[in-house]
Structure formats: structure tokens, C-alpha cells
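Asks: Before I ask anything, here is the structure I am working with.
The values are calculated or read from the model by the stated rules, or taken from the named source; none is laboratory data. From a predicted model like this one, the values you see are computed outputs, not experimental measurements. Cβ placement follows ideal geometry from the backbone for every residue including glycine, while neighbour counts extend to all protein chains displayed.
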Amino acid sequence: MTGDTQRSTAAPHAAWLPDGAFAALGSRRVVVAGDGALTGTVAEEVAAATARFGGAFSRLEVGDAVADAELVLTLSPAETSPAASSPADHGEDTDESFRFTREAGAVVVQARTDAGLLRGLFHVVRLGEAAFDGPDADETHAPATDLRMLDHWDNVDVHPTMGQVERGYSGGSIFYDNGFVRSDLSRVERYARLLAAVGINRVAINNVNVHEHEAHLLTDDLGDVVRIAAVFRRWGIRVHLSVSFASPILLGGLGTSDPLDQDVAHWWVRAAARVWDAIPDFGGFVVKADSEGQPGPFAYGRTHADGANMLAAAVEPYDGLIHWRAFVYNHRQDWRDRSTDRARAAFDHFHPLDGTFSDNVIVQVKYGPLDFQVREPVSPVLAAMPHTRIALELQITQEYTGQQKHAVYLGPQWSQILGFRFWEPTGRDGGSPTVADLATGRGKAAEDPGTGTWRKPAGGFAAVSNVGDDEFWTGHPFAQANLYAYGRLCWDPTLDPATLLDEWVGLTFPGAPDAVRQAVHTVLDRSWETYEQYTAPLGVGFMVRPGHHYGPDVDGYEYTPWGTYHFADRDGIGVDRTVRTGTGYAGQYPSPWRETYESLSTCPDELLLFFHHVPYTHVLHSGTTVIQHIYDTHFEGVERVEAMIAAWSDVSTLVDPRLSERVAERFAEQLHSATEWRDQISAYFLRKSGIPDELGRTIY
Ligand code: GCV
């Protein structure tokens, strides 16, 4: 089905690919050599840039003599490959690797595949003049993982409570409009180009909560998926679909979706055959099962491995993947029941299944055990399944981090998660595997430190997109930096988030004075920490308004079935998740973290209330009490927002006025909201504890 009611009329913002980002490349003599569809895309980009900036473009065959070129983008001659012919200083050879050499200012980008050539093109764009200016170089670049995915929570229909995009804060969907797949997919094309430039290579195009209409994308509406896949294909991106586990019932008229039922298995085999027949490079299915009302194998007394493996068998002939989400918990918990702990759920369900999933199943694990809070410990599931392909799931859309009304740069949070080590040595330079290693199968992850056995090929990265049909793509223009950083961290998880901000600023505001770059740093560098300061303290999580999850509501979830409680009373606050006296969650970690989190004397301050219930007078490692910390951080958080606004106002006239206007509007709301958070949280805890602020500030 198609519709013509494209809502947004303004041309979308160019994000990190304005014309100016191509100035260095476009003003040079450039040769593109080779065939393949993506080489065609590279050639079109170069042709457009050189036409715009006065350079010269020629298209040659691989191996043709090249005279006088300043940049050659070429597929490798058959006898060489990037890995075979150069030092692998940025990684191993993969289908997307490329070799970058510079000799006396002349640059050659060489790749074994056209996908690698496309990655190489955008590497040159990112470097700008530095691509040509530096000393001689010979580098091979390769992604840390082949699986660099974005998940869209977009609905075809406008859902009565969740809208067109579940947890979307950037207008409507770029794919769907009020019940239809858009006939004009030009916006999707621009999006695909932006994603290609940061290295994303897979996109799941519909919500993991698969409602009735959306389920039909798998069958009757497959033609629309074919159209979307054709757009992404031009940019080296494969499409995936979220599917309902109940599809055989919903779409096939069967009486069951029991994964061990032969008719069910055959139905999926036929469904998969139709999909790959229509889209030969289709990626696979994403499944949210037995979670928040979605159907799953539990209804038939089967395990999640039974469910996932049945689907895996259906897609296996096409090298298809099943991304099976580990976000499984009881959302109908009795709040009176102190023995049930939602944080335990994913580990309890999935750890016993380690080693039983098929090779083409990827268990997709949210970074924390709850739900994308501003601060959570890293999910122990990531360490607990050495014989399973694991993907790390992040959330770019800012559901719990200010909903793209607040400027919050998530790069530092992700970098911290990616660099976390479950085993000793745990320090930043330690030798044990990082979370990034576990998700990419690289580095020290090949051997499981717990068992000494080999891990399967890894599952890579997935994250929930923050994009919509908004003029600036992401609501808050600065939220573009999160999408940018995610793509780049998927390619190389060791990149420094502050450096990525520099890259983003350089591309997005080409030619802007250095003051703009500095102001963006002042606003964003510590913005994650700032948001944490004025919202839920010390890892306690969830103090948001139920449903839409924006703004403070300390007790909003306290007496609900959702399993997210803080247990504040007049004496203290926090959740006892210790093994000794609490829910036992701390015991899901390998040593040394299980001991570190278990003990009050070693638990890090920022996670104290996630693991322990303590009196308000408990003294933190920082030397202050819990209650005084709550007051201090909330006041400081608002002051920091004021400083962010001041820093930006100094440079706001130096950039596009529409962008400045949007940023100003968002800052006004952020300040209003941060103030509301400060006053409500401080007042709540003053009233609960009766302990005054040592500094005597106004608390209501
Ligand atoms: C798509 C949270 C969000 C839901 C989301 C869910 C998930 O609970 O609030 O909107 O559903 O996570 O990740 O499946």
C-alpha cells in the first residue's frame, strides 16, 4: 500500500553531509575505477562534488593507467587485497575493508569490494583537507564487526498511544505515514546516505512491537519492503524486518504458533522463501517475544531457544539472521512482592540457554538490566553466554534521557559501556575482554575467561534510531551527534567520543569559526553527566512520568506492575540487590564485580542505589551523604544547564538561524524541565527524610 500524504515540506537539514563537507575532495582531480553498484554510488558522489567545487572526475577500469590524479578510488586488482598487501593497522580484512595510502599528497583508496570503496570514500570526506595534507601514509581500515545495525520503532499505522514512531521524538516516520508506506522515499534515500557515511550497514524498518497491520509487511505488504530495500541497497545497507512470533496465526490462519509444530515451521519456511525471493540481500528478522504483551514461545511451554531456532532454520538457506531480543521480563509484577526483581529477568531466562541457540541466532541484549536508564550497571547477560552470539543494544532515541528536548550527548555513556571489562584486570588498559570485544568477537573475546572455551562469531551492535521526518532529523539538532557517534563507534568502539564530536562539528558546520566547535564541546561533553545530576540519583533509575517517560514523577512507577521501584521511605532509599540480603542480582556478575557490587564499601557511588538500600545519612565515597548528594547534584545540574545555554548563545549567530532557533527553543524547555526535576526531587526527599540542605537553598 502506498500513500501520498508526505507531511513535512521543508527540505531536511543536510546533517553531517552538507555540500561544504565535500569541498576538499571536490576541488581535486579524482578517479573512480571499478564496477559494481556501490562503485556507481561512489562515482555519483564524486561527480557531484567535483562539479560543485571545480575539480575533475574520471571513471576508469581497474588497472587503467592513471596520470595526474590527486585521489584514486579503486577496486583492488584481482591479485591483491587490502589485507594481503598492507599492514593491518586498523583491523583485519573484511568485505568492507579499504586501504588508504598517501604519497606526496596523492591519495589512493583501494578496496576488495565496492562496499569497502564506499566506506573509503566517506573516510576521505571525513578527513577533509587532512586527507591530502598529511605525511605519507599506508593504512588498512576495517570495521570491528560486520553487524552494525539500527532498529526503527516505526509503526505503519499511527498507534493510539505510541503514535507513528514508538518513543520517537522527531516528528513522523520517514517510512510510513498514517497507515501507508510512503510513495516518495526520497527522505529515506537521504537517510541511507547519512548512514552510509557513518558506516551503518543494516536497518530494521519497523517496530519490535509488531501490531496487526505491521505484521503484514512480511507477506501482503512485502512489495513495500522491496521498495525500501532498493533505496538502502544503493548505500550498502541491508534491510531487516521485525516480525510477530504469532505470524502463523495472524497471517497464515493456523491455530498455533508453537515453534515445535511442523505446520508452523513450514509456514515460516515458506514465508522466508518469499521474502528472499523478493529481496535477495534481505538481512533477517528481529523478534521481541514474551515481552510487554508480545507473543512468544512461553505460551506453548517452549523456550526462547526453541522459538529462535525454529525461525533460524527457516532463514538459514539465505544466510539470514534472527536477532532475538533478551528484553524478557514480567510486566505484570505485584509491587508488594519484594522477591521478584525485573533486573534479574534477562539473565534468568537466557543464561541457562547458552550454547543451545543456532549459529544464525543473535541474542540482542540491552546494555543494562532494566531499560536504557541514564545510569545502569552493564547487563551481566553480556558476560554470561560465551557460546552464543551476543549483540549489544543501545538506545539512540532519548526515551529516558530527555527525549531530544534536552541536549544529551550519549557518546561518553556508550564509550564507557563498550570499554567495560567483566573480568580482571578491569582497568581501562587491562587485558581482559571489553564489552566491545564480546560484541565483535575481537580482541580478547575469542577465549572466554571463565571457561577457556571459544566464543561463537559475535553479534555486533544494534541501536534504536532517533530519526523522524523532522526538518533536523532528530528534533534537537544536537541529537544528530548521537546518531553520528553510534555509527562511528560501531565501526571502531575505541574511538574517543570527544573526537567524534569534533568530526561531527567539522562536517556539520563546515567553515564555522573554532568558537562553534568549542561551544558544542562546552554544551555536550559533560551533558550525559549533567542530565544524570538533575534526574534520578545514584543509579536508582525510573523517576519519570509513567507512559510517556518525560519529566519527574518520583512515585510514578512505585506502586505499579512494571518492576521499577526505588523503595524510598523516611529512613532511606534504594534497591537491595545483594546476594546476602537482597534479590541476588549482584551474584549474576562474574568476579570481581559480584563482590564489588555486593559490598557497600566497594560499590561505586554512581550505582549505589541500584544495588543497595541505604539510609539518607549514608556517606558516599565522595565524602558527602546520600541526601546532601541529592541536593547538591540537583542544584549543580540546573546551573550547568544555564552554563550550556550561555556558551551556546555566544556563538548562536554564527550558524544557520533556523538551527539556532531550534536549539534555543529546546534549551528553554531543557532549563524549564531541569528546574522542575531539581525542585520536585529535592522537595520529595526533604519531605521524606526531614533532613535539611546544609547550604540552606530554597527547597519547596
Ligand atoms: C518498543 C521500553 C519502551 C518500549 C519499548 C521496549 C522495548 O519498555 O518503553 O516502548 O517497546 O522498551 O525495548 O521493547
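Table: residues versus (1) modelled with pLDDT of 95 or more; (2) part of a loop (DSSP other than H, G, I, E, B); (3) β-branched (Val, Ile, Thr).
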residue	(1), (2), (3)
467	yes, yes, yes
486	yes, no, no
520	yes, no, yes
530	yes, no, yes
550	yes, yes, no
566	yes, yes, no
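Asks: Any residue at all in segment 495-506 that's within 16 Å of the ligand (Cβ to nearest atom), without any contact (Cβ under 8 Å) to a residue 12 or more places away in the chain and surrounded by fewer than 20 Cβ atoms within 10 Å (Cβ to Cβ)?
Replies: No, every residue in segment 495-506 fails to be within 16 Å of the ligand (Cβ to nearest atom), without any contact (Cβ under 8 Å) to a residue 12 or more places away in the chain and surrounded by fewer than 20 Cβ atoms within 10 Å (Cβ to Cβ).
Asks: Scan segment 236-279 for residues that are over 26 Å from the mean Cα position of the chain (by Cα) and either assigned to a loop (DSSP other than H, G, I, E, B) or modelled with pLDDT under 95 (or both) and report the count.
Replies: Result for segment 236-279: 12.
Asks: Quick check on this structure: which one of 600, 607, 654, 695 is surrounded by 14 or more Cβ atoms within 10 Å (Cβ to Cβ) and either among the acidic types (Asp, Glu) or at pLDDT 95 or above (or both)?
Replies: Just a single option satisfies the conditions, and that option is 607.
Asks: Of (1) closer than 16 Å to residue 231 by Cβ; (2) crowded, with 24+ Cβ neighbours inside 10 Å; (3) of a type in the set (S, T, N, Q), residue 186 satisfies all except one. Which?
Replies: In the conditions (1) closer than 16 Å to residue 231 by Cβ; (2) crowded, with 24+ Cβ neighbours inside 10 Å; (3) of a type in the set (S, T, N, Q), residue 186 misses (2) alone.
Asks: From the list 278, 196, 273, exactly one residue is closer than 30 Å to residue 145 by Cα, buried (at least 18 other Cβ atoms within 10 Å of the Cβ) and not charged (D, E, K, R). Which is it?
Replies: 196
Conditions (1) more than 26 Å from residue 38 (Cα to Cα); (2) away from the ligand (no atom under 16 Å from the Cβ); (3) touching a helix residue (DSSP H, G or I) at 6+ places or on another chain (Cβ under 9 Å), marked per residue:
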| residue | (1), (2), (3) |
| --- | --- |
| 161 | yes, no, no |
| 178 | yes, yes, no |
| 182 | no, yes, yes |
| 185 | no, yes, yes |
| 192 | no, yes, yes |
| 215 | yes, no, yes |
| 221 | yes, yes, yes |
| 236 | no, yes, yes |
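Asks: I'd like to know if segment 123-139 contains one or more residues that are buried (at least 22 other Cβ atoms within 10 Å of the Cβ) and of a type outside the set (A, V, I, L, M, F, W, C).
Replies: No, segment 123-139 contains no residue that is buried (at least 22 other Cβ atoms within 10 Å of the Cβ) and of a type outside the set (A, V, I, L, M, F, W, C).
Asks: May I pose another question? Could you check how many residues of segment 31-53 are closer than 17 Å to residue 98 by Cα and either of a type in the set (Asp, Glu) or not in a helix (DSSP H, G or I) (or both)?
Replies: Adding up the residues that qualify gives 6.
Asks: Can you give me the number of residues within segment 331-347 that are part of a loop (DSSP other than H, G, I, E, B) and more than 13 Å from the ligand (Cβ to nearest atom)?
Replies: Residues in segment 331-347 being part of a loop (DSSP other than H, G, I, E, B) and more than 13 Å from the ligand (Cβ to nearest atom): 10 in total.
Asks: Can I ask one more? Of these, 357, 282, 350, 327, which one is in the same structural domain as residue 162 (by TED's automatic domain parsing), within 23 Å of the chain's Cα centre (by Cα) and more than 16 Å from the ligand (Cβ to nearest atom)?
Replies: Answer to the check: 282.
Asks: Then there's this: Give the residues of segment 363-386 that are among the small types (Gly, Ala, Ser) and within 16 Å of the ligand (Cβ to nearest atom), sorted by residue number. It would help to see each step written out before you state the result.
Replies: First pass over segment 363-386, keeping only residues among the small types (Gly, Ala, Ser): 368, 379, 383-384.
Hits for segment 363-386 are 368, 379.
Asks: Moving on to the next point. Just to be sure I understand, how many residues within segment 579-593 are crowded, with 18+ Cβ neighbours inside 10 Å and either of a type in the set (Lys, Arg) or assigned by TED's automatic domain parsing to the domain that holds residue 681 (or both)?
Replies: Residues that pass the stated criteria total 0.
Asks: Here's another thing I want to ask about it. Among the residues that make up segment 603-613, is at least one of them touching a residue at least 12 places away in the same chain (Cβ under 8 Å), charged (D, E, K, R), more than 30 Å from residue 514 (Cα to Cα) and not in a loop (DSSP other than H, G, I, E, B)?
Replies: yes
Asks: Ok, one more. Could you grab the pairs with beta carbons closer than 9 Å, sequence gap of 6+ or different chains, first residue in segment 393-418 and over 20 Å from residue 153 (Cβ atoms), second one within 16 Å of the ligand (Cβ to nearest atom) and of a type in the set (A, V, I, L, M)?
Replies: Partner pairs satisfying both residue conditions: 417/392; 417/394; 418/392.
Asks: Which condition from (1) assigned to a strand (DSSP E or B); (2) within 16 Å of the ligand (Cβ to nearest atom) is the one that residue 208 breaks?
Replies: Only one criterion in (1) assigned to a strand (DSSP E or B); (2) within 16 Å of the ligand (Cβ to nearest atom) is unmet by residue 208, namely (1).
Asks: State whether the residues of segment 576-597 include one that is in contact with a Leu (Cβ under 8 Å, 6 or more places away or on another chain) and closer than 30 Å to residue 667 by Cα.
Replies: no
Asks: In segment 404-425, which residues are surrounded by fewer than 23 Cβ atoms within 10 Å (Cβ to Cβ), in a loop (DSSP other than H, G, I, E, B) and within 17 Å of the chain's Cα centre (by Cα)?
Replies: Matches in segment 404-425: 419, 420.
Asks: Identify the single condition in (1) under 22 Å from residue 152 (Cβ atoms); (2) outside any loop (DSSP other than H, G, I, E, B) that residue 350 does not satisfy, given that it satisfies every other one.
Replies: (1)
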